[in-house]
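Read through the structure below, which is laid out as structure tokens, and then see the notes.
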Amino acid sequence: MPDSARATIEAVASAFTELPVDDGPDPGVDGPIGWRGYDGARVSAAERTGERESVVCGVGKVGDAEAMLIAFEFGYLGGSLGGRTGLRLERAFGRARELGVPVVSLIATGGSRMQEGMRALSQLQRIARESALTRAAGLPQVAVLRDPTTGGGWATLGAGADVTLALPGAQVGFAGSRVRPPGDPAAYTAEGQFASGHVDQLLDPAWLRAKLERWLRLLTTPGTEAVPPGALGGADLPDTGWAAVQQARAASRPRAESYVDAYFEWREDISGDRCGGVDDGVLCGFGYRDGATIAYAAQCGTATRPAGFRTAARLVRLADRLGIPVLTLVDTPGAANDADAERAGIGPAIAEMFEAVASARVPVTTLVIGEGGSGGALAFAAEGRTWVTPDSYFSVTSPEAAARILKRAEAEVPTTADQLRLRPQDLVELGIARGIVTPTR
């Protein structure tokens, strides 16, 4: 990946028009706090890089989409954020809102510029305000983390983006290498941030332009609603409740990944709850279907953990803000209920998902494709817009748990399953599901 700002822009955009540069009033000798030698350092940086500041901003064409591109020049004082940097970023975000285009930040920064003291640090508030205004305008923000992305650049443009992409091997963290305490160096890498749920994707630099093209298309071409997918399993309905449970638990039954792959022409996943967690049992992202985008949040058959609920809630909120309809797939024996899940906030995480679905203004469509175990499954389901497959069930709790609660013998579990009326046809009769989808083949 090229290091300079302009080479980075050239690598991702087919056309670029830089914004007119107006860096505001002269900050005075050696800047706002009179840091000795600051003027000389800026002159040297300009001579070395050909830039007058640490960011280059302008409108570029990335595939078919126009976007406001913000590229950091690390060669200019370590890509640091100063007063004039903040002014340029403010104007870039403002122009993006005027044009109604997304913002793509190509970040390489060591953080705030100490030679400007608190004047530099206060630019983070300025950036946060502009980002919030752009978010309120319904425009997406995508960040690409280059090497390094630390300090305030990570804590605003990077971590605050809707979708965060990172180049492998990049140093990423709030603490720079010279100020962090001794410890695990892997935590301060792109790979470490991905594993901890703070980065959506790690990208081979050779595929950066193609990935940005895909992401910008997905985030700017919303569909109208998600029609429920056709069933991928069998068409036969179960005769008993226990047969429904066994059918849904069958190892051969199609799972979420098969459904989303069949439903979309292509898709891009997001990853992580931005709170330090990843749940591989929940699949979230945006997919392209019939010329438009639909978001998806799918349970993959395991007990859903707090990070899974938070990631799905994050997906639903983002889709709602961008006007993108959502498809949810229900398939879980229930929410994780071990001690670690309780300590990680399984209850609040489930509540977060319930709230995200309930408050969504875009249509949310649900298909139960397997097990529908209790509240951990219901949190993914849209009231009044839920369908079921023939090889699924939905229950207030599992038949085994119900039998234990009622102090029944294990032999009575099948009878309990029948009493719970959890079969697909029962769910339609009870008004829980709108209908049973059939196989499309």
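Where a number appears in this text, it was derived from the coordinates with a stated rule and is not lab data. Nothing here was measured: the structure is a model prediction, and the numbers come from that model. Cβ placement follows ideal geometry from the backbone for every residue including glycine, while neighbour counts extend to all protein chains displayed.
Region 28-51 and region 208-254 have Cα centres spaced 57 Å apart.
Hey, in the GNM for the chain with a 10 angstrom Cα cutoff, which one of Pro229, Pro185, Pro424 fluctuates hardest? Among Pro229, Pro185, Pro424, the largest mean-square fluctuation in the Gaussian network model of the chain belongs to Pro185. Pick from Val368, Val179, Val29: which is most flexible by mean-square fluctuation in a GNM of the chain where alpha carbon atoms under 10 Å apart are linked? Its mean-square fluctuation being the largest, the pick is Val179. Across all C-alpha atoms in region 36-97, the radius of gyration and Dmax reach 13.2, 47 Å. Computed from the Cα positions only, the extents of the chain along the three principal axes stand at 84, 46, 34 Å, in decreasing order.
Both the radius of gyration and Dmax for region 107-221 are 14.6, 46 Å, in that order, over alpha-carbon atoms. Taking packing as the residue-averaged number of other Cβ atoms within 10 angstrom, the listed peptides 276-287, 327-338 run from highest to lowest as 327-338, 276-287. When each of the peptides 159-172, 86-99 is scored by how many other beta carbons lie within 10 Å of its residues on average, the order from highest to lowest is 159-172, 86-99. As a length-normalised measure over Cα pairs under 8 Å and 6 or more apart, the relative contact order of the chain settles at 11 percent. For region 241-436, taking Cα atoms only, Rg and Dmax work out to 16.3, 54 Å respectively.
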